[in-house]
1. Apply the Karplus curve 6.51 cos²θ - 1.76 cosθ + 1.60, θ = phi - 60°, to the phi angles in region A:46-54 and return the couplings in whole Hz, x for Gly and Pro.
2. Average partner chain C-beta neighbours within 10 Å, per residue of A:100-108?
3. Once region A:64-156 is represented by equal point scatterers at the alpha-carbon sites, with solvent omitted, what log10 I(q)/I(0) does the Debye formula produce at q = 0.18, 0.19, 0.20, 0.24 Å⁻¹?
4. Sort A:177-190, A:209-222 by packing, meaning the average of other beta carbons within 10 Å per residue, with the highest value first.
5. Using only DSSP helix segments of four residues or longer, with each worth -39500 (n - 2.57), what per-residue ellipticity at 222 nm results for chain A after dividing by its residue count and rounding to 500?
6. Testing the spin-label approximation: label points 7 Å from Cα along Cα→Cβ at B:R43 and B:Q7. State their distance in nm.
7. Give me a comma-separated list of calculated 3J(HN,Hα) values for region A:27-34, in order, Karplus coefficients 6.51, -1.76, 1.60 applied at θ = phi - 60°, integers in Hz, x for any Gly or Pro.
8. What are the ³J(HN,Hα) values, in whole Hz, obtained from phi via the Karplus relation 6.51 cos²θ - 1.76 cosθ + 1.60 with θ = phi - 60°, for each residue of region A:85-91 in sequence order, with x given for Gly and Pro?
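Values quoted throughout were computed directly from the atomic coordinates according to the rules given, and no laboratory measurement underlies them. Keep in mind the model is a prediction, meaning the values are calculated, not measured. Glycine also receives a Cβ, built like all others from the backbone with ideal geometry; neighbour counts cover every protein chain displayed.
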Amino acid sequence: MPSSRRITVPPLTRVEGEGRLLIRVSDGRVDETRLNIFEPPRFFEALLRGRAYTEAADITSRICGICPVAYQLSALAAIEQICGVGVDGQLAALRRLLYCGEWIESHALHVFLLHLPDFLGCDSGLELAREHPAVVRPGLELKKIGNTLMTLIGGRAVHPVNARVGGWYRAPTRGELDRLVGPLERARDIARDTARFVAGLDFPDDEVGAVFVALRQSGQYAIERGRIASSEGLDIAAADYDSHFVEEQVPWSTALHSTLAPLPPLPPHAPLAPHAMSAAGGSYLVGPLARFALNARWLAPAARETAAEVGLRPPERNPFRSIIVRCVEMVHAADEALRIIGDYTEPAFPAVPARPRAGIGHGVTEAPRGLLYHRYSTDRDGTILDAKIVAPTSQNQRPLEEDLRDVVERSLDLPEADLARRCERVIRNHDPCISCATHFLTLDIDRG
Amino acid sequence: MVVRRLQGRFPLATSTVEGLDEPAGLFAAWDGAHGVWIIDAARCAAAPGTVFRFRADERPLPAQLIGPSTHTLSVADAVEIGRALGGLPRFVVVHAIVGRDFSRGEGLDPDVAAAARGVAATVRAEVARWAARYAAACTTATGHDA
């Protein structure tokens with residue numbers, strides 16, 4: 001037996017992006033797990049400098065082909081804050097409706113073609129489609145319904161073009177939305193049946209210990225607006241994001257790692273302000289598990305019933321079971337979309353005027369993979385002076401590395417190939433989008 | 001670049017979709033279509049500017065094209081999933097242009113740019129021929145113009 005071994009497995013697939021996982025093991029303990037993201041930085045923040053305030057949404061939507069709406073709506077929220085514009089009523093409802101389409105489309109892709117193969121013993125979505133076509137076919141139908149919704153509201157399914165500062169270029173007619181009712185009812189049924197099916201899968205034991213962070217909006221399962229909340233009591237406005245979260249460069253990744261900011265020392269016996277009640281300095285997890293933990297009570301009725309029926313209760317801390325949460329969120333998105341359409345009246349104007357001015361704006365929304373934060377500063381002509389974008393995957397890198405460490409330590413007796421496969425599953429549980437974070441390929445295990 | 005050269009130069013009932021960042025988007029893009037042409041970049045040992053043309057409706061794409069992708073799915077994965085589920089359009093052609101330099105920057109390598117112009121011309125001619133044959137077949141089948 002050599003004293004040091006390095007095992008390299010074929011490129012990790014079914015994630016968006018390019019990278020590598022390095023694990024060092026000695027004396028039966030994992031010394032180090034490093035998610036090496038070596039995809040080159042994409043310089044979007046630099047690209048935005050000098051561009052007009054009206055361009056941020058369209059430029060940033062190009063960051064991701066899977067969740068362009070998330071980028072658009074976080075950018076618009078920040079820019080509209082600078083302009084002092086409030087987008088509400090039907091204009092706001094349409095943004096939530098567009099986002100529902102993206103949640104359905106993105107979750108369907110992950111559940112049916114990226115995640116489900118792991119549970120059914122298939123190496124790829126293609127193998128799953130060949131072996132279990134009846135399982136995959138409804139998934140593509142679901143994805144198509146999400147795309148149809150995005151096309152109607154956003155102008156097209158990929159990189160939608162209809163959202164603008166202050167609202168929309170064109171608001172849909174009542175008749176156009178009514179045509180979505182049948183497909184969305186079908187989407188809700190498919191998502192509910194899929195939740196029942198995946199709840200019966202075999203889930204390995206696992207538990208993430210990280211603090212959950214998600215948007216919270218009283219009375220609604222937060223998607224396109226809300227305050228930033230955590231499972232440890234954090235409750236802040238988007239404008240306070242930089243005071244509570246820090247990004248740091250690590251040598252093994254071109255994506256920044258995010259953690260909760262360390263708190264300044266408090267004087268003795270000082271009362272703890274609610275906003276300060278966070279696990280300062282630690283990792284935190286965003287995404288479906290966090291949203292479900294913080295907001296399950298505000299799920300749409302059909303989604304709440306589905307969660308109860310399949311035995312899903314908050315907080316759910318097993319990342320393998322995130323596939324059930326995504327299904328429940330698809331039920332929610334379809335039900336919520338139906339509610340919005342039911343309440344819809346055509347707005348008098350598709351947008352409210354938004355004039356440029358100097359200032360700093362913060363926008364935060366719930367991308368399918370989790371919290372997406374944007375911050376911009378502009379001059380009085382609306383030229384962007386500075387931009388900061390924090391994607392969900394960069395926030396989830398630290399807890400993902402911690403999750404991998406725990407799983408590997410419990411699985412060291414597995415043969416190398418099985419251990420590598422288990423690690424890939426752990427990573428896919430979190431649906432990382434490495435392209436967003438800045439791509440993920442080989443796994444090296446060094447058993448020194 | 002290929003798609004931009006083709007926009008507005010097709011018969012009626014033909015649409016172009018540019019920049020599908022996510023190949024799974026093909027499922028929606030080809031929904032309801034009878035004939036589909038897919039143009040993508042390829043990285044392989046062949047000389048930059050080499051063009052590979054596959055009739056994906058006739059036979060599976062080469063095995064070496066299916067597999068690890070820096071996207072969630074590769075174009076070949078999407079095509080083969082479509083075939084497995086019986087959702088592949090009746091006529092599917094894939095043109096793959098071998099690139100030279102995939103790093104960021106402006107412009108195209110001259111060999112690759114020339115190949116892209118060639119593929120645009122080829123696709124335009126193929127679509128015109130196919131559309132004419134398809135219209136003729138519909139007329140024969142129904143007794144009405146397509």
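1. 5, 4, 6, 5, x, 8, 6, 4, 6
2. 1
3. Calculated log10 I(q)/I(0) at the listed q: -0.81, -0.86, -0.91, -1.12.
4. A:209-222, A:177-190
5. It lands at -12500 deg cm²/dmol.
6. Calculated label separation equals 2.7 nm.
7. So the J values, rounded to whole Hz, are 6, x, 10, 7, 7, 7, 10, 10.
8. Result, ordered by residue: 9, x, 9, 9, x, 5, 5 Hz.
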